[in-house]
Amino acid sequence: MGISDLLKEGTKHLSGVSEAVLQNIEAVKGLSQITRTSLGPNGMNKMVVNHLSKLFVTNDAATIIKELDVMHPAAKVTVLASQMQEQEVGDGTNFVLVMCGELLQNAEALLQSGLVASEIIAGYTKAAKKVEEVLESLATNKCEDIRNVDIVAKYLRSALSSKQYGFEDVFAPIIAKACVDVVPKKADHFNVDNVRVAKILGGGVSDSIVIKGHVLTRDTEGTIKRVTNAKIAVFAAGIDISKPETKDTVLIKNADELLNYNKSEEKYIEDIVKKIADSGAKVIVSGGAIGEMALHFIERYQMMVIKVLSKFELRRVCKSVGATPLVRLGQPLPEELGSADYVGVEEIGATRVTIFRNDSGEKSSISTILVRASTQNTLDDFERAIDDGVNTYKGMCKDGRFVPGAGATEIELSKQLQAYADQQPGLVQYAIKKYGEAFEVVPRTLAENAGLKAIDVLASLYAAHNKGNTADGINIEDGNIENAIKLNVYDLFQTKLSAIRLATHAAITVLQVDQIIMSKPAGGPKIPKQGGGMDHDD
């Protein structure tokens with residue numbers, strides 16, 4: 001009796017090196033080939049149309065794999081590792097995919113030459129420990145002052161140039177200022193959600209600015225458009241007469257009763273608005289609908305009113321101005337009111353935006369980068385680059401060490417691992433050597449994407465590193481080998497270490513699989529995906 005007789009009809013069963021292991025390696029290699037050409041400053045964009053027919057034009061690996069909807073189980077393991085890198089560090093997702101693909105490609109060569117998977121896994125595990133030791137010694141630079149905009153901008157340029165090459169000098173100072181404005185006293189508690197992005201079509205990238213406060217890409221409801229030194233009352237519900245849960249009938253016998261009924265409603269709304277005005281509030285933020293009668297009295301008492309229908313956006317407004325969202329409709333207490341130096345509507349391009357700004361002191365815990373560009377796709381791509389920059393700053397707050405970029409660190413790791421492999425007994429030395437060779441994929445890809453001859457560049461890099469120039473990397477502009485530190489090209493130590501760990505673990509997980517058993521898919525309609533609705537960006 002075979003395995004197929006034990007399992008349900010239609011179940012697929014694959015086993016052994018040729019059927020299971022090599023097929024898994026092939027799937028991961030295919031995935032890494034997709035994102036590999038997007039690595040580095042000269043990385044190419046991918047055009048992805050998702051299942052909802054939404055178009056994405058980007059070189060951001062996290063967005064590409066999210067929209068690709070990968071189905072192969074082994075490739076999914078790599079995708080999960082890349083997504084974990086995105087959640088934990090916020091950058092280096094492409095490095096995880098490319099490195100994992102290269103490790104498995106080298107493992108494939110070892111399997112075909114006669115090594116078994118357990119020997120390769122042992123070698124890769126040993127090599128990974130050695131990499132962490134070597135990487136510690138390569139951390140040459142450290143951000144001296146995370147509250148100094150110029151120093152922070154210097155270290156952010158490399159992370160930005162890998163996403164938006166040519167615009168790093170525009171965005172680095174802007175992101176640095178936005179982050180420094182909201183960094184708490186305990187810097188390691190920095191929250192990336194406190195740096196927001198407002199995207200406005202039209203204008204050029206150089207028109208982008210940073211505002212200390214929050215920006216809503218919508219107009220106010222009334223005629224009052226500007227308020228200075230504003231006290232702000234925030235209501236989570238709408239400002240209107242509350243309607244009963246059940247339908248009621250009011251019997252009115254004559255015109256006087258109708259008039260008195262309307263007057264009682266008017267008096268009720270006016271009393272509420274007057275109490276809000278008496279509290280000192282000059283601006284009202286409503287989380288729901290605003291009735292016409294309420295709007296009339298708000299105008300009479302010379303208050304600005306803004307409608308914010310997203311509960312997440314309302315939460316950010318509260319955080320920005322220091323207000324408490326109220327569920328009751330009435331007079332707010334002094335400690336429940338927020339404050340801002342300026343609240344006003346400004347027209348930027350063809351878009352009217354409402355700005356809550358705090359220029360003096362440290363009132364605001366949110367800063368907003370207002371990005372300008374010609375198309376929505378470009379704006380979305382700039383937002384992803386800004387997200388990488390902000391996450392790099394978060395990493396700097398926890399561990400400000402940097403290693404040389406431009407492929408210098410990878411070549412040095414490769415060189416030292418291959419020397420380390422020669423000292424090891426047994427067959428694991430071949431696996432360690434191949435693990436070291438896998439790091440060549442980064443400088444090789446950087447060279448290929450820049451239109452350089454990869455073999456010549458790798459030979460020149462090894463020659464420079466054999467002379468002891470451990471910080472030498474590729475100058476992609478002219479193809480020369482130069483000191484990466486002098487070129488101001490750095491990689492965050494924490495990002496590099498996390499990416500290497502995750503890529504290694506993903507590769508080992510795939511190599512440990514020797515059988516694949518897949519049940520026949522169930523018929524009928526597919527199970528809907530969990531979640532949906534509003535997310536944290538709505």
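Got a sec? Which of Lys185, Lys177, Lys199, Lys163 is part of a helix (DSSP H, G or I) and basic (Lys, Arg)?
Testing whether each residue is part of a helix (DSSP H, G or I) and basic (Lys, Arg) leaves just Lys177.
From the list Asn480, Asn488, exactly one residue is at positive phi and modelled with pLDDT of 80 or more. Which is it?
Just a single option satisfies the conditions, and that option is Asn488.
Within region 499-515, track down each residue that is in a helix (DSSP H, G or I) and among the aliphatic types (A, V, I, L, M).
Ala499, Ile500, Leu502, Ala503, Ala506, Ala507, Ile508, Val510, Leu511
If we keep just the residues of region 185-197 that are more than 21 Å from Glu313 (Cα to Cα) and either of a type outside the set (D, E, K, R) or in contact with a His (Cβ under 6 Å, 6 or more places away or on another chain) (or both), which is surrounded by the most Cβ atoms within 10 Å (Cβ to Cβ)?
In this case the residue turns out to be Ala187.
Can you tell which of Leu461, Leu492 is touching a Ser or Thr at 6+ places or on another chain (Cβ under 7 Å) and not acidic (Asp, Glu)?
Selected residue: Leu492, the only one of Leu461, Leu492 that is touching a Ser or Thr at 6+ places or on another chain (Cβ under 7 Å) and not acidic (Asp, Glu).
State whether one or more residues within region 249-272 are among the basic types (Lys, Arg), within 23 Å of Tyr301 (Cα to Cα), at pLDDT 80 or above and surrounded by 10 or more Cβ atoms within 10 Å (Cβ to Cβ).
no
Listed here are the residues, each with its yes/no results for (1) farther than 30 Å from Val183 by Cα; (2) in the same structural domain as Ser118 (by TED's automatic domain parsing); (3) in contact with a helix residue (DSSP H, G or I) (Cβ under 7 Å, 6 or more places away or on another chain).
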site	(1), (2), (3)
Lys398	no, no, yes
Glu410	yes, yes, yes
Lys415	yes, yes, yes
Ala421	yes, yes, yes
Gly451	yes, yes, no
Val457	yes, yes, yes
His465	yes, yes, yes
Gly473	yes, yes, yes
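Identify, by number, the condition in (1) in a loop (DSSP other than H, G, I, E, B); (2) in contact with a strand residue (DSSP E or B) (Cβ under 6 Å, 6 or more places away or on another chain); (3) within 19 Å of Met303 (Cβ to Cβ) that Thr354 doesn't meet.
(1)
For the condition of a type outside the set (Lys, Arg), out of contact with any Cys (no Cβ under 7 Å at 6 or more places or on another chain) and crowded, with 24+ Cβ neighbours inside 10 Å, what is the one hit in Leu104, Leu80, Leu115, Leu135?
The match here is Leu104.
Answer with yes or no whether Lys130 is closer than 21 Å to Glu412 by Cα, in contact with a Leu (Cβ under 9 Å, 6 or more places away or on another chain), surrounded by fewer than 22 Cβ atoms within 10 Å (Cβ to Cβ) and not aliphatic (A, V, I, L, M).
Yes; evaluated as a whole, the condition is true for this residue.
Have a look at Asn42, Asn94 and point out the one that is polar (S, T, N, Q), within 24 Å of Glu410 (Cβ to Cβ) and not in a helix (DSSP H, G or I).
Asn42
Output the qualifying pairs, or none if there are none: Cβ atoms under 8 angstrom, residues six or more apart or on different chains, first residue in region 194-212 and closer than 15 Å to Ile355 by Cβ and modelled with pLDDT under 80, second residue in a strand (DSSP E or B) and of a type in the set (Phe, Trp, Tyr).
Pairs that qualify, where the first residue is closer than 15 Å to Ile355 by Cβ and modelled with pLDDT under 80 and the partner is in a strand (DSSP E or B) and of a type in the set (Phe, Trp, Tyr): there are none.
Got a sec? Which of Lys66, Lys76 is of a type in the set (Lys, Arg), modelled with pLDDT under 80 and in a helix (DSSP H, G or I)?
Lys66
Only residues that are modelled with pLDDT of 85 or more and more than 22 Å from Asn148 (Cβ to Cβ): list them for region 388-407, please.
Selection gives nothing.
Considering each residue of region 280-294, count those that are among the hydrophobic types (A, V, I, L, M, F, W, C), within 14 Å of Thr228 (Cα to Cα) and part of a loop (DSSP other than H, G, I, E, B), and give that number.
Within region 280-294, residues that are among the hydrophobic types (A, V, I, L, M, F, W, C), within 14 Å of Thr228 (Cα to Cα) and part of a loop (DSSP other than H, G, I, E, B) number 1.
Give region 419-469 a look and list any residue that's of a type in the set (Ser, Thr, Tyr), closer than 30 Å to Met44 by Cβ and in contact (Cβ under 8 Å) with a residue 24 or more places away in the chain, or say none.
Tyr435, Thr445, Tyr462
Please determine whether any residue of region 374-396 is under 20 Å from Met99 (Cα atoms), of a type outside the set (Asp, Glu) and not in a helix (DSSP H, G or I).
The answer is no, given that none of the residues of region 374-396 is under 20 Å from Met99 (Cα atoms), of a type outside the set (Asp, Glu) and not in a helix (DSSP H, G or I).
Can you tell me which of Lys163, Lys154, Lys177, Lys142 is charged (D, E, K, R), crowded, with 21+ Cβ neighbours inside 10 Å and closer than 15 Å to Thr392 by Cα?
Just a single option satisfies the conditions, and that option is Lys163.
The values are calculated or read from the model by the stated rules, or taken from the named source; none is laboratory data. Everything numeric here is computed off the predicted structure, so don't read it as measured data. Glycine gets a Cβ as well: all are built from the backbone with ideal geometry, and neighbour counts include every protein chain shown.
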